[in-house]
Structure formats: C-alpha cells, structure tokens
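As structure tokens, the structure follows; a few thoughts come after it.
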Amino acid sequence: MGRLGFSTTESARLLLLGVFGVLVLSAVLAEQEGENLSGLSTNPDKAIFAVRENATTCLMVEFAVKFLVPYDVLALNGIDLITEQASFTLPRNAEIEGKCGLTESEIHISWKNDAYILRIYFSKEFREKSIEVWKISRVQFVYDTSETSHFINAYNPGKHTANTHRLSVLVTPAGRSYVCTAQQTITLISSDHQKGVTVSMYDIQIQPFDIASDFMFSAPYKCITDQREHLEETLPLILGLLLGLIIVIILTIYHFHLKLTANQPQLPRDRSMYKNM
C-alpha cells in the first residue's frame, strides 16, 4: 500500500510538472513583439508600428498623431498659475509593445525613456443584426511635465495619466482595416486637475484583428468623412458628365428633326398659288 501511495504521489507531481511545462511552452510559443516600421513611410510625420505573434503580424497601425497637453506655469507675480499648452507629435523612433487576443488587443507606444506612453486598446463586439465589428475602446496617455523639451517651466512637474471614458470610436467591420485621411480627435481627462488632453490622429490605417497576410492590411473601410469628401470631389464631375450627355441628346434630336423636315414637300405660303395646283 505504501508503494502504491508513493507511485500515486509521484504521478500527481509528474502531471503537475507536465501541465506547467505545457503552459510555459504555450507562453513561449505565443511570444509577442513590437516592430517599428516607420522607415517604410515616405511621410516624415507618419509612423508605422506592428505587433507580431509567433512571427506573424496580429496588429498594425499607420498614422500621424498630434498631442495638445495643458500644464500650469507660475505667473510673473510668483503667486498665480497660468495654463500653457504643450503641442508635439508622435515621434517615428518610438518603442513598441503590444498584446493580441481574439476579442481584445492593445498597443503601447513609448518614447523619451518612458516620459511619454500612448496606450490604445481595441475590442471586438457584435452589433445589431449580429454584425461583428472592432473599435477603439480606450486610450491612455502618460506624460511627464518634468520633461523640458515640451514642458517649459512647469509648476510642480511630474508624471500624469490621461484616460478616456466609455470610448467607442473608429468602429469598423471585422476583418477590415480602418482608413481615414481626415483628422480624428479624442479628448482624455488628465489626473492633473482634470485637464483635457487632446489626441488627434490623421492619415490613419489601423487593423488590430484578423490580419490575413504578414505586414499587410486587409481591405480598407473608409471613414464617413473621407466618403463625404470623395463624394464632394466626384459630384461636380458626375454632374458635368450628365450635363454633357443631355446636350448631346438634345443636339442629336435636333439633327434628326432637321433631316425629317428637309425631306417633306414644302407647301406654298401664298394662298393664291393653291388655285394653280
């Protein structure tokens, strides 16, 4: 009986070790890494970042980002506080981290030794008529006002965190990438006295799920603003073509009318001539 108990205990230990080994192996196999591909962009303001899992792209963003961050400085009288605005863009040489999941993904973009960290969270959900979509569900921006390249003479400098609340933007059908040239602005509330931090993105192409080919976006889904601008650009052309077509039709009808009337016998206009007919 003693030997049987010992064998059972050893078997349990071996089973636990096996399960632990599988979990560790799974974690290793599901290793995720970030890559900065900004050098591929010809636009000096645009950055391209990717998150890869098992050497395959699972999340990809291409955009230009501008930040507008309010901060306090001491007035000349040494008593009052004045609010200044720090304006800067997302650098192309930032460092990337991220996570990919079936229904939730995220990308972390940091620069200046983590003085600035932009975190974007994505999620999948089903909308009406069981249509599956993805969206940006949360944006967080960490910034350090003691970093003097953008924050000059900041009062009580230090790190602050700005967050969104109940965010649902860039809603896109599943399996497609979101594309928008127009500026998309998101407002975050900062831990620095509830100040409003503005994050503006433009020249966007983003896909956090269902990337079919490595480093390649899926079919684009254009934002409403771009669709409207495209319609405004093409509408004058369409109207011009329609007007030209109408003119051609009118001229054609007039031409046939002239031919038909030319072949008909001409009746004399002087009534006295009818007596000789």
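How high is the FRET efficiency between Leu40 and Val73 when r is their beta carbon distance and R₀ equals 51 Å, given to the nearest 0.05?
It comes to 0.85.
Of all chymotrypsin sites (Phe, Trp or Tyr not before Pro) in segment 156-221, which ones are in loop regions per DSSP and have a Cβ with at most 16 other Cβ atoms within 10 Å?
Here the sparse-neighbourhood loop sites are Phe215.
If you wrap a convex hull around the Cα atoms of segment 29-222, how much volume per residue is inside, in Å³?
Each residue corresponds to 123 Å³ of Cα convex hull volume.
Residue separation times 0.36 nm, minus the C-alpha to C-alpha distance between Ile152 and Ser200: what's the value?
15.1 nm
Pairs Lys195/Lys222; Lys112/Lys159; Lys66/Lys195; Lys46/Lys124; Lys135/Lys222: which exceed 20 Å Cα-Cα?
From the list (Lys195/Lys222; Lys112/Lys159; Lys66/Lys195; Lys46/Lys124; Lys135/Lys222), the Cα-Cα distance tops 20 Å for Lys195/Lys222; Lys46/Lys124.
Can you tell me the length gained on complete extension of the stretch Glu97 to Asn113, counting 0.36 nm per residue apart and subtracting the Cα distance?
Length difference between fully extended and current span is 4.4 nm.
Take the alpha carbon atoms of segment 97-115, find their center, do the same for segment 125-152, and report the distance between the two centers in whole angstrom.
Here the answer is 11 Å between Cα centres.
For Leu81, what is the net charge nearby, where nearby means another residue's Cβ is under 13 Å from its Cβ and Lys, Arg count +1, Asp, Glu -1?
Neighbour charge sum, excluding Leu81 itself: -3.
Within 10 Å, Cβ to Cβ, of Val69, how many net charges do the neighbouring residues add up to if Lys/Arg are +1 and Asp/Glu are -1?
So the surrounding residues net to -1.
Please find the FRET efficiency linking Gln85 to Thr161, where r is the Cβ-Cβ separation and R0 is fixed at 22 Å, and quote it to the nearest 0.05.
Taking R0 as 22 Å, the efficiency between Gln85 and Thr161 is 0.75.
At 1.4 Å probe size, with no ligands or nucleic acids counted, give the accessible surface of Lys124 in Å², nearest ten.
Solvent-accessible area, nearest 10 Å²: 40 Å².
The values are calculated or read from the model by the stated rules, or taken from the named source; none is laboratory data. Note that the structure is predicted; figures quoted are calculated from it, not measured. Every residue, glycine among them, receives a Cβ derived from its backbone with ideal geometry; neighbour counts consider all protein chains shown. Only protein heavy atoms, including side chains, enter the accessible area calculation; ligands, DNA and RNA are left aside. Shrake-Rupley method; radii C 1.70, N 1.55, O 1.52, S 1.80 Å.
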